[in-house]
Amino acid sequence: YFYSDAYEMWQRDEVLQRLELRPHHRVADVGGGTGRFVGLLKDAAGLSTKPICVDPSAAMLEACERKDVAFVQSDARAYVDGLPPKALDRVLLKEVVHHFGDDELASICAGLHKALDGNGRVVVCTRPRDDVEYPFFE
């Protein structure tokens, strides 16, 4: 189920609702891989600016075929540390926080607090805890 179109559309709708995404928002997907998911958000919300996909892997960023997503090759902490105050309106951390140590996560959260405008939102998505096999852990 977790690799189905139905799950992806369900997750997109849940994230849209929680981000309260509007066309004028400046959006970053930190740890966004190929940018596919943030592209789905852009389409659904009708974003007027390119959302930003941040990922440390050049291969992941190169795998995206979308031209309407901006890509930044960087680890999360370095990206967030380099943001000016109030640079973003919405941030997504989807299925990525398990890659951060406690200190790194605290630093990223503090940096996001600084980088978001006064009405900014951050949504953190993780998978449910069950016996799902994750191929990237094999």
**Q.** Most to least accessible of Lys94, Lys86 (protein chains only, probe 1.4 Å)
**A.** Lys86, Lys94
Q: Might you report the magnitude of the Cβ-based charge dipole of segment 28-78 about its Cα centre, with Lys and Arg at +1 and Asp and Glu at -1, to the nearest 20 debye?
A: 120
Q. When the accessible area of the chain is computed with all protein chains present and a 1.4 Å probe, what percentage of it is carbon and sulfur?
A. 52
Q. Using alpha-carbon positions, what is the distance between the centroids of segment 52-97 and segment 107-122, in Å?
A. 14
Q) Taking the convex hull of the alpha carbon atoms in segment 22-92, what volume per residue do you get, in Å³? A) 71
Q: Under 10 Å from the Cβ of Leu19, count the other residues' Cβ atoms, weight Lys and Arg +1, Asp and Glu -1, and hand me the total.
A: +1
Q | Computed lengthening from Ser4 to His98, 0.36 nm per intervening residue step minus Cα-Cα distance | A | 31.6 nm
Q. Using all Cα-Cα distances in the chain, what percent lands in each 5 angstrom bin from 0 up to the longest?
A. 2, 10, 20, 24, 22, 15, 6, 2, 0
Q. Extent of segment 56-96 along each principal axis, from alpha carbon coordinates, in Å, largest to smallest?
A. 30, 20, 19
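The values are calculated or read from the model by the stated rules, or taken from the named source; none is laboratory data. Predicted, not measured: the structure shown is a model, and the values here were computed from it. Cβ coordinates were reconstructed from backbone atoms using ideal geometry, including for glycine residues, and neighbour counts include every protein chain displayed. Calculation scope for accessible area: heavy atoms of the full protein, side chains included, ligands and nucleic acids excluded. Shrake-Rupley method; radii C 1.70, N 1.55, O 1.52, S 1.80 Å.
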